[in-house]
Amino acid sequence: MYGARMVSRASSGSRRRPVGLAPLRGFEAAARLLSFTLAAEELKLTQSSISRQIAALERQVGKALFVRRTRALELTAAGTQLQQAVRHALNAVDHCVDEIRGAGGQRRVTLTTYASFASLWLAPRLAQFQREHPGIEIRLDASDRAVDLQAEDVDLAIRWMPPGPLPPGTTVLVEDLVTAAISPRLLPATPLRSPAELARWPLLDLDEVVRGAQLLNWATWFDFAGAGRVEPTAGRLVFSFVDQAVQAAVRGQGVALVRSPFLQDYVASGDLVMPFPGLLMPSGYRHVLVRHPQAARRPQVAAFLDWLLEQFRQAPQLEG
């Protein structure tokens, strides 16, 4: 009896360990970047290592954490729930380690922005910042979820905001202007006479469930251009992400509605042209910057802020 009670007491007081801790860092990076490949690059691992970590974690949790699609990765409901908990936990650990290391530790800037802005505008420029500031690490969260900067210890957020009042302390980076853009390889030698002629190519559009798609669609732009109702004689291609539509236009798969600040970059590079540059439609949306209340006190964040704002000041101007 005595021995049995001792075993029972030890068993009831044993520490539970529902999942291994090793895969959590890989899961957090994959969930944040929605890419096993990018997560592997960030953590200096192989893509297969990240895949094995996620598979092991899913077995331990007992549910799928990601939906694997062709060239795309999505979080399941269970994955989203776990991501929130893991993000808070790892942020707390990282913040504690930074404090322990003191000024001599790795200087880091954490930034959250939505995926299309990260891939089309920010990522191509980050190499320049890292050349100028090799001692500063940029940690990028490519999502458009609501973020409590203070609770999650995130320095900066760049968001695409609809018409209406903005949160206090928000900095407007650029006002959205939208127009048709097409690969120069597709344009005929003679200029187009009417916006309706764009229907000779496939119209690249956004799925109706995409935020802002109700304002930034072809029917709205054709109406703004005075063309009225235009039927897409060459058909339509519908995408779930802005960057997919823009890249399809660059590849010559059709004509897309492209908005600033992406429009300036692709026109300046010659990858896209505006067949009707005078028809720049204001959408009312804005790209804005939100800062952690203590962000400017951190030298590395101040350096990144100066660089970021200068990038917008130097951006090519749209000429209608």
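The values are calculated or read from the model by the stated rules, or taken from the named source; none is laboratory data. Since we're looking at a predicted model, the values are computed, not measured. Virtual Cβ from ideal backbone geometry, glycine too; neighbours counted across all protein chains shown.
Is it the case that residue 121 is crowded, with 16+ Cβ neighbours inside 10 Å, aromatic (Phe, Trp, Tyr) and either within 24 Å of residue 302 (Cα to Cα) or without any contact (Cβ under 8 Å) to a residue 24 or more places away in the chain (or both)? So residue 121 passes the test.
Considering segment 186-212, and only residues there that are buried (at least 16 other Cβ atoms within 10 Å of the Cβ) and in a loop (DSSP other than H, G, I, E, B), the residue that is farthest from the chain's Cα centre (by Cα) turns out to be 201. The set of residues in segment 238-256 that are within 19 Å of the chain's Cα centre (by Cα), in a helix (DSSP H, G or I) and in contact (Cβ under 8 Å) with a residue 24 or more places away in the chain comprises 242, 243, 245, 246, 248. For segment 54-64, the criterion of being crowded, with 18+ Cβ neighbours inside 10 Å, more than 18 Å from the chain's Cα centre (by Cα) and in contact (Cβ under 8 Å) with a residue 24 or more places away in the chain is satisfied by at least one residue.
Please verify whether residue 276 is farther than 17 Å from residue 206 by Cα, in the same structural domain as residue 196 (by TED's automatic domain parsing), of a type in the set (Phe, Trp, Tyr) and in contact (Cβ under 8 Å) with a residue 12 or more places away in the chain, treating the condition exactly as stated.
Numbers: farther than 17 Å from residue 206 by Cα: yes; in the same structural domain as residue 196 (by TED's automatic domain parsing): yes; of a type in the set (Phe, Trp, Tyr): yes; in contact (Cβ under 8 Å) with a residue 12 or more places away in the chain: yes.
For residue 276, the condition - farther than 17 Å from residue 206 by Cα, in the same structural domain as residue 196 (by TED's automatic domain parsing), of a type in the set (Phe, Trp, Tyr) and in contact (Cβ under 8 Å) with a residue 12 or more places away in the chain - is met.
Just one residue in the set 160, 218 is free of Cβ contacts under 8 Å to residues at least 40 places away in the same chain and either crowded, with 18+ Cβ neighbours inside 10 Å or within 30 Å of residue 91 (Cα to Cα) (or both); that residue is 218.
Quick check on segment 226-239. Is at least one of its residues closer than 30 Å to residue 165 by Cβ, modelled with pLDDT under 95 and assigned by TED's automatic domain parsing to the domain that holds residue 195?
First, pick out the residues of segment 226-239 that are closer than 30 Å to residue 165 by Cβ: none.
No, because not a single residue in segment 226-239 is closer than 30 Å to residue 165 by Cβ, modelled with pLDDT under 95 and assigned by TED's automatic domain parsing to the domain that holds residue 195.
Of all residues in segment 124-131, one or more are of a type in the set (S, T, N, Q) and farther than 18 Å from residue 262 by Cβ.
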